1. Given the criterion in a loop (DSSP other than H, G, I, E, B) and more than 30 Å from residue B:153 (Cα to Cα), identify the matching residue among A:137, A:171.
2. Filter the stretch B:203-223 for residues that are without any contact (Cβ under 8 Å) to a residue 40 or more places away in the chain, open to solvent by less than 60 Å² (accessible area, probe 1.4 Å) and within 30 Å of the chain's Cα centre (by Cα) and give the result.
3. For the stretch A:103-143, what are the residues that are more than 14 Å from residue A:84 (Cα to Cα), within 20 Å of the chain's Cα centre (by Cα) and open to solvent by 40 Å² or more (accessible area, probe 1.4 Å)?
4. Of all residues being away from chain B (no Cβ under 12 Å) and under 23 Å from the mean Cα position of the chain (by Cα) in the stretch A:144-181, which is most open to solvent (accessible area, probe 1.4 Å)? Just the residue, please.
5. Somewhere in the stretch B:66-79, is a residue out of contact with any Pro (no Cβ under 8 Å at 6 or more places or on another chain) and assigned to a helix (DSSP H, G or I)?
6. Please verify whether the stretch A:55-65 includes one or more residues that are modelled with pLDDT of 90 or more, outside any loop (DSSP other than H, G, I, E, B), closer than 21 Å to residue A:204 by Cβ and open to solvent by 50 Å² or more (accessible area, probe 1.4 Å).
7. Can you tell me which residues in the stretch B:65-78 are within 20 Å of residue A:124 (Cβ to Cβ), among the aliphatic types (A, V, I, L, M) and open to solvent by 30 Å² or more (accessible area, probe 1.4 Å)?
8. Here is a check on your reading of the model: is residue B:249 farther than 26 Å from residue B:62 by Cα and at pLDDT 90 or above?
Amino acid sequence: MKKSTKTRLTKILIEIGLLVGLIYALFPVIWMISCAFKTNTEVFTVPQRIIPRNPTADAFTSVLTDSAKLRYFLNSYVVALVTTAITLFVAILAGYALSRYDFKGKKPLNAFIIITQAVPPITLLIPYFGMLVLFGLYDSYWAMIVTYLVFTLPYATIMITGYINTLPKDLDEAVAIDGGSTWCVLWRVLVPISKPGLVATAIYTFLQCWNEYLFALCLTKSGEMRTVPIGIQLLMGQITYSWNEMMAMSILGSIPIIILFVFAQNYFIAGLSAGAIKS
Amino acid sequence: MTVYLAPQSVKYKRMSLDIRVKPRKERKDMNRKKITPYLYLSPIIIVFCILLVYPIYQVISFSVKDNVIVNPTPHFVGLANFSKIISSGEFWKSLKNSLEFSVVSLIFHMILGIAFALMLNSSLLNSRFRGIVRALYIVPWTFTVSIVAILWRLMLNNSGIINTILGLSIDWFGNRALAAKTVIFVNIWCSYPFYMISILAALQGISPVYYEAASIDGANSIQRFFKITIPHLRPVMISLMLLDFIWSMQQLSLTYITTGGGPIGSSETIGTYTYNLAFKNYQFSMASASAVIMMLLCLVIAIFYVRRQSRLD
């Protein structure tokens with residue numbers, strides 16, 4: 001009897017704790033949504049309310065009817081999708097070699113892949129800037145796609161290597177005995193059964209690209225090449241801040257991530273936690 | 001047992017016999033097997049050479065010349081850029097800010113990460129509820145840095161909601177005494193979920209057997225926490241702290257969008273300091289020297305991280 005009261009008390013305490021945490025985590029998000037549905041004059045009108053007085057979707061319409069802003073979304077999709085595809089292809093090849101072969105230089109290469117994640121982006125940005133100008137790639141999709149590989153590839157390779165490591169080697173050998181090449185083993189056998197690992201990797205890579213800010217800021221300059229994170233910040237540069245539009249655009253800019261998050265939550269979380277734990 | 005072992009050893013003998021019979025084909029296969037991994041690795045090696053090895057070589061060579069990129073014929077100046085940076089007060093101030101930023105963020109990431117993960121891991125909650133709450137807790141981490149920055153600029157505005165709730169009228173990002181601390185606060189908010197999820201995954205990896213055994217031995221929940229949970233979490237926590245420190249030392253986007261390093265340099269980090277040298281003042285050599293210093297700082301910590309990770313493998 002005494003024990004069950006104690007358990008119930010602990011449960012209530014945990015629930016209160018989680019609720020406080022939820023307010024901390026979500027209040028800003030709720031406020032973002034709330035302000036996106038207000039008129040710009042209402043944003044700072046006292047008393048401030050969570051439920052807008054006259055909810056309006058004007059901010060969304062004005063973002064969605066502005067071709068310059070829609071262009072930011074197109075750019076973000078192109079860059080994130082192409083980078084994700086290239087990253088997966090290169091990382092699958094590398095992951096296969098790292099998982100299935102012993103070769104000279106394997107250990108240093110592994111260490112190198114981990115250590116590259118520690119090189120500050122700003123350190124690379126200075127030479128990238130010069131290199132891209134030299135090759136005429138500055139202010140183009142390729143400027144972003146190519147440079148994003150530097151931070152997507154190490155993580156993707158670590159994740160895919162880890163995933164292939166969990167698959168039994170008997171599979172490869174069975175195909176090899178039937179006369180299949182290693183290429184065949186990789187694409188016909190390992191890739192199809194690695195789907196969960198690859199989806200998690202793809203989601204994480206897409207998220208990294210979609211949210212990237214610094215390279216996109218410095219390696220592009222024209223309005224036609226800007227991505228969503230830069231576009232949102234550019235709204236702030238105008239003389240009068242249209243806060244409701246900025247919030248609406250923030251919500252629209254987060255939609256792809258939210259969709260991935262809602263429909264592939266477990267993959268998402270697997271990708272998120274893979275790095276520090278088993279890399 | 002022996003019955004099952006016998007056929008295998010026979011097969012093994014036959015295989016080794018085969019090698020002696022066909023040495024040439026076997027040797028050719030072995031050579032091919034030696035080259036194959038390098039073929040698969042060639043794309044990633046090429047990418048790393050172009051995007052890491054060469055640029056790092058270049059940034060180091062920029063750092064020992066007078067103004068590059070802007071000046072078409074730069075001269076070698078030795079370590080002059082480094083001594084200029086090291087003797088500048090701004091550099092030390094931004095380094096101090098970065099250290100403060102990293103240490104405070106790290107402490108709060110760990111505290112929030114452990115607290116939330118422990119609550120979410122509690123067996124008293126039903127699993128559906130737990131799943132929903134866990135998902136909601138990750139939301140702040142999914143926003144890009146410019147969204148985070150602008151959202152908090154709205155909320156922390158003079159007449160924003162936070163001031164309304166607190167009954168104050170403070171310009172949090174524009175106040176010399178508060179700007180740096182406010183950026184740290186925002187950074188904690190937007191990145192704690194990463195640590196929470198990693199710690200939660202580690203918690204779920206602890207076998208319940210330990211807790212059962214401890215309960216039988218009469219250990220209370222506090223003893224169980226310090227004698228079982230903490231020791232099991234330690235390896236993951238150390239890895240996370242090293243990663244967090246490396247990432248926070250490099251941080252510049254959040255500061256750049258919220259305060260721009262101001263007011264009067266009070267929230268400048270080593271990242272924004274380097275960025276401003278390069279992309280505002282076009283002093284690419286000075287910026288390179290500062291970027292090299294930053295990289296060395298991060299690599300020293302990264303070496304500890306790599307050694308840990310390879311030991312864990």
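The values are calculated or read from the model by the stated rules, or taken from the named source; none is laboratory data. Every value quoted in this text rests on a predicted model; they were computed, and no experiment measured them. Cβ: placed from backbone, ideal geometry, glycine included. Neighbour counts: every protein chain shown. Heads up: the accessible areas ignore ligands, DNA and RNA and are worked out on the full protein's heavy atoms, side chains in. Shrake-Rupley method; radii C 1.70, N 1.55, O 1.52, S 1.80 Å.
1. A:137
2. Result: B:206, B:207.
3. Result: A:117, A:121.
4. Among those that are away from chain B (no Cβ under 12 Å) and under 23 Å from the mean Cα position of the chain (by Cα), it is A:163.
5. Within the stretch B:66-79 (the criterion being out of contact with any Pro (no Cβ under 8 Å at 6 or more places or on another chain) and assigned to a helix (DSSP H, G or I)), the answer is no, since none of the residues qualifies.
6. No, because not a single residue in the stretch A:55-65 is modelled with pLDDT of 90 or more, outside any loop (DSSP other than H, G, I, E, B), closer than 21 Å to residue A:204 by Cβ and open to solvent by 50 Å² or more (accessible area, probe 1.4 Å).
7. Result: B:69, B:70.
8. In short, no.
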